[in-house]
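S.K.: Encoded as structure tokens, here's the structure I'll be asking about.
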Amino acid sequence: MATATVTHSVNPELTSLPDLDIERDPGVEDAPEETAEASRPGSRSLAALRISTGFVFLWAFLDKAFGFGYATPHDAAWVRGGSPTEGFLSHVAVGPLEGWFHDIAGAPWADWLFMMGLLGVGVAVIAGIGLRAAAVSGTAMMALMWMAEWPLAKTLSTGEPSMSTNPIVDYHVIYALALVVVALTAAGDRWGLGRMWARLPIVRRHPGVLR
């Protein structure tokens, strides 16, 4: 019986596929750039929040130190012998720490600690450096001032209405939260010295505290 051998002839032109010029989806290719563009308003907003919050602290220092005539009269300026803490703390009339605030009102150590805190937090936050330490210090200051005003109370120790606008969340809480937010989001990198600060050897060794 004869065996038939069948030979298949393959067209060489079919062995390779032509190069296909596939047009990429521009949306996919531009995604990283679009993400960066979308993040810019957010980072700018955080930078604006950082600078404005820092200026609150810095302005408080400047006004109390030099007496610009807003919250602090010219003659009551710190540089002219006035006390930054006596006027406020001596009039505390509410809260569990009322007596303690009266005792430290006008004390030199309290004046220096308060003013250096305002200056340090203000400069650090505006510059975008040491934001975590500034957030801790600023939050502690806001907590003490919140306790001095004690918005939880409806009446003062004198029996007068406290005029508290919110018993829990007032401007001290908002300032403290703003400090925490800018510290945890590296808000000092934009419009600040955050990136340069982060490259310092001492900051690299202790990023959790100094960053």
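S.K.: If packing is taken as the mean number of other Cβ atoms within 10 Å per residue, what is the order of 160-168, 129-137, highest first?
M.R.: 129-137, 160-168
S.K.: Points 7 angstrom from Cα along the Cβ direction at residue 102 and residue 144: gap in nanometres?
M.R.: 1.9
S.K.: Charges at C-beta only: +1 for Lys and Arg, -1 for Asp and Glu. How large is the resulting dipole of the range 43-210 about its Cα centre, in Debye rounded to 20?
M.R.: 1100
S.K.: Run the simple label-point estimate for residue 39 and residue 169 please: 7 Å along Cα→C-beta, distance reported in nm.
M.R.: 2.8
S.K.: A further question follows. Test of understanding: ordering 169, 121, 181, 79 by Cβ neighbours within 10 Å, fewest first, what list do you get?
M.R.: The fewest-first ordering by Cβ neighbours comes to 79, 169, 181, 121.
S.K.: Now for a different question. Quick query: amide H of residue 155 versus all other amide H atoms, modeled in the peptide plane; which residues come in under 5 Å with a sequence gap of 5 or more or a different chain?
M.R.: Long-range HN contacts for residue 155: 162.
S.K.: Taking the Cβ of each residue in 174, 202 as the centre, tally the other Cβ atoms inside 10 Å and list the residues starting with the fewest. Numbers along the way, then the final one.
M.R.: Details: 174 12, 202 8.
Placing the least packed residue first, the sequence is 202, 174.
S.K.: Here's something else I'd like to know. May I ask you to compute the full-extension gain from residue 109 to residue 66, defined as 0.36 nm times their residue separation minus their alpha-carbon distance, rounded to one decimal in nm?
M.R.: Contour length minus the Cα-Cα distance gives 13.6 nm.
S.K.: Kindly put 80, 50 in sequence by how many other C-beta atoms sit within 10 Å of each C-beta, fewest to most. All intermediate terms of the calculation are to be shown ahead of the outcome.
M.R.: Working: 80 12, 50 28.
By the 10 Å Cβ count, ascending, the order reads 80, 50.
S.K.: Find how much the distance from residue 90 to residue 75 grows on full extension, using 0.36 nm per residue of separation minus their present alpha carbon separation; answer in nm with one decimal.
M.R.: The residue 90-residue 75 span can extend by a further 3.6 nm.
Laboratory data are not the source of any read-out in this text; all were calculated from the coordinates shown. Computed from a predicted structure; not experimentally measured. In this analysis, Cβ positions are derived from the backbone assuming ideal geometry, glycine residues included, and neighbour counts consider all displayed protein chains.
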